[in-house]
Every structure is written in C-alpha cells, then in structure tokens.
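Below you'll find the structure, written out as structure tokens, and then a few comments.
The values are calculated or read from the model by the stated rules, or taken from the named source; none is laboratory data. Please read all numbers here as calculations on a predicted model, not as lab measurements. No Cβ is skipped: glycine too gets one built from the backbone with ideal geometry, and neighbour counts run over all protein chains shown.
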Amino acid sequence: MTATSTPLYVVMLGAPGAGKGTQARMLSETLGLPQVSSGDIFRENLKNQTPLGLLAKQYMDNGALVPDDVTINMVMERLSRSDCAAGVILDGFPRTLAQADALDKALKAANLAISRVPLLEVSDDALINRLAGRRVCRDCQAMYHLEFNPPAVEGKCDKCGGELYLRADDNPDTVRNRLFVYYKQTAPLIGYYYAHGVLFSLNGDQPMEQVQAELLAAIQA
Ligand code: AP5
Ligand code: ZN
C-alpha cells in the first residue's frame, strides 16, 4: 500500500473461536498493516498488572464484555498512533453497537470509513472444540491448536520457544457465556455493517489457508 492510497480499515467479525485472531495476524503480515486486538491489549495489561488489566480481568474471567467507555478510549488511543495511518486490521473491536458507533464517528471526523467487514461463520460445535484445543504462546502470542495446528514440540512455541498456555477464559463454562454474550451484544453488528454495505461472509469452517485466500481475494477485489 502506498502512502497516497485510502487507508484500509478491516473489522474482523465472528464468534469467539471463529478465527478472527488467526486470520487477522495472517492478513496483517501479508498487507503490512498492524493488527489491533482489544483482547490482546487487555491481556498484555493484565500480564503487566496495570489498573486497566486488573479491571478488565473482572469481566474477562466471566466471559462478559469490558465496559464500553474503557474499551473505546483504549482502542482509540491505539488507533491514533502513527503506525495505523495506512490502515489497520481490527480484531475483537468493535463488539457492541456503541463501540461501532464511536469508531464510525472517529473515522468520519478524519474523513475515513470502515473498508470491509469479513464475517467468519463457524458452527457452535466447532467453536467449542477450537477454544478447548487452543494454546497461546506467553511470549509472542502465536496461536496453536492441539489438533488443527499443533506445535512441533509439545507445550513450546515454534516461533520463539515460549511456553504455551490455555487461556483462563477458554474453560467450558466461560466459553458458553462468551457465546451467549456474542449472540446478544455483538451479533447485532452483522446487520449494522450489512446496512453500511461493507459486510461479507466467509465460511470459516475450512482450513486456515483456504479462509485466508478467500479473505484476501475479497479484500483486494
Ligand atoms: P478476545 O480475545 O477478543 O476473544 P474472542 O472474541 O472471544 O475471540 P477469540 O480470541 O477467543 O477467538 P478468535 O476468533 O480470535 O479465534 P482464534 O483465531 O484464536 O476477547 C476476550 C475477552 O476480552 C472478551 O470476552 C471480553 O471480556 C474482553 N474484550 C475483548 N475485546 C472487547 C471489546 N471490544 N469490548 C469489550 N470487551 C472486550 O482461533 C481459535 C482456535 O481455533 C485457535 O486454536 C486456532 O489455532 C484455531 N483455528 C483458527 N482457525 C481455524 C481453522 N480455519 N480451522 C481449524 N482451527 C482453526
Ligand atoms: Zn512464541
């Protein structure tokens, strides 16, 4: 992307475990744009025991959403940094209508708009299986799956050798609540972005490389 082209703002939409993080990371590497994940920023804050991280933990541990004002301020601050000038791959934000509205207003004020919103569609059974088998690197946040994308050495990251762990909110009870919260608070964004003419659906129940190929083709069309 050249400095003169329109900044590309992509919002990854989909249920917990649909593959937003996996696809956002691949897209970010291919397009050279930053991946901004609200969940990763909360987890990074928690790792560093910041007040924001400790506040977010109270919600994340139950699978509930962190309040809109806190989340919106945090993401807007991240988007204002210079590395986002050419565009960004948003992963996990927005996930309420209030967040979507705040993002639209901020972009509009800068004469910008959301470019595309891929919706990753995956069945609920597959989602639960994906989250139970997910392992994440403590050091570089690389994502693995015990069955679909296992590391070469059990418990160790292929990229940096870091320790792999199971996220605290990936236990079955919390996953059920995260799915409930998704359908109640985030699924309305499907209609919102459809009405804005930027939504497109992808079958997320295919191998990761196939999903990525279809995602790239749609974004570059
Ligand atoms: P967040 O971190 O955003 O989690 P999430 O939305 O629940 O999504 P996940 O990260 O669980 O899944 P994903 O879709 O990224 O899938 P992944 O690529 O990892 O949020 C966590 C919490 O933070 C929230 O509950 C909330 O408390 C808080 N929060 C965050 N943002 C917020 C906001 N905006 N407002 C308020 N609160 C907020 O893939 C899953 C697994 O499947 C992996 O193991 C992967 O290897 C595997 N996999 C991926 N693709 C495939 C494939 N095609 N085939 C087979 N396996 C695959
Ligand atoms: Zn790593």
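Here is how the numbers come out for the structure above:
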{"read-out": "Qualifying position, being touching a Gly at 6+ places or on another chain (Cβ under 9 Å) and among the hydroxyl-bearing types (Ser, Thr, Tyr), among 28, 37", "value": "37"}
{"read-out": "Any hit, region 29-45, residues being on the phi > 0 side of the Ramachandran plot, surrounded by fewer than 21 Cβ atoms within 10 Å (Cβ to Cβ) and more than 11 Å from ligand 1 (Cβ to nearest atom)", "value": "yes"}
{"read-out": "Breaking point among (1) touching a helix residue (DSSP H, G or I) at 6+ places or on another chain (Cβ under 7 Å); (2) within 22 Å of residue 36 (Cβ to Cβ); (3) modelled with pLDDT under 95; (4) among the hydrophobic types (A, V, I, L, M, F, W, C), for residue 128", "value": "(2)"}
{"read-out": "Hits in region 139-168 (condition: of a type in the set (Lys, Arg) and surrounded by 14 or more Cβ atoms within 10 Å (Cβ to Cβ))", "value": "156, 167"}
{"read-out": "Some residue of region 191-208 being among the hydroxyl-bearing types (Ser, Thr, Tyr), more than 17 Å from the chain's Cα centre (by Cα), at pLDDT 95 or above and surrounded by 13 or more Cβ atoms within 10 Å (Cβ to Cβ)", "value": "yes"}
{"read-out": "Cβ-Cβ under 6 Å pairs, at least 6 apart or on other chains, region 26-39 side closer than 14 Å to residue 11 by Cα and assigned to a loop (DSSP other than H, G, I, E, B), far side away from ligand 2 (no atom under 16 Å from the Cβ) and among the acidic types (Asp, Glu)", "value": "34/83"}
{"read-out": "Matching entry among 158, 170 (being within 13 Å of ligand 1 (Cβ to nearest atom) and closer than 25 Å to residue 60 by Cα)", "value": "170"}
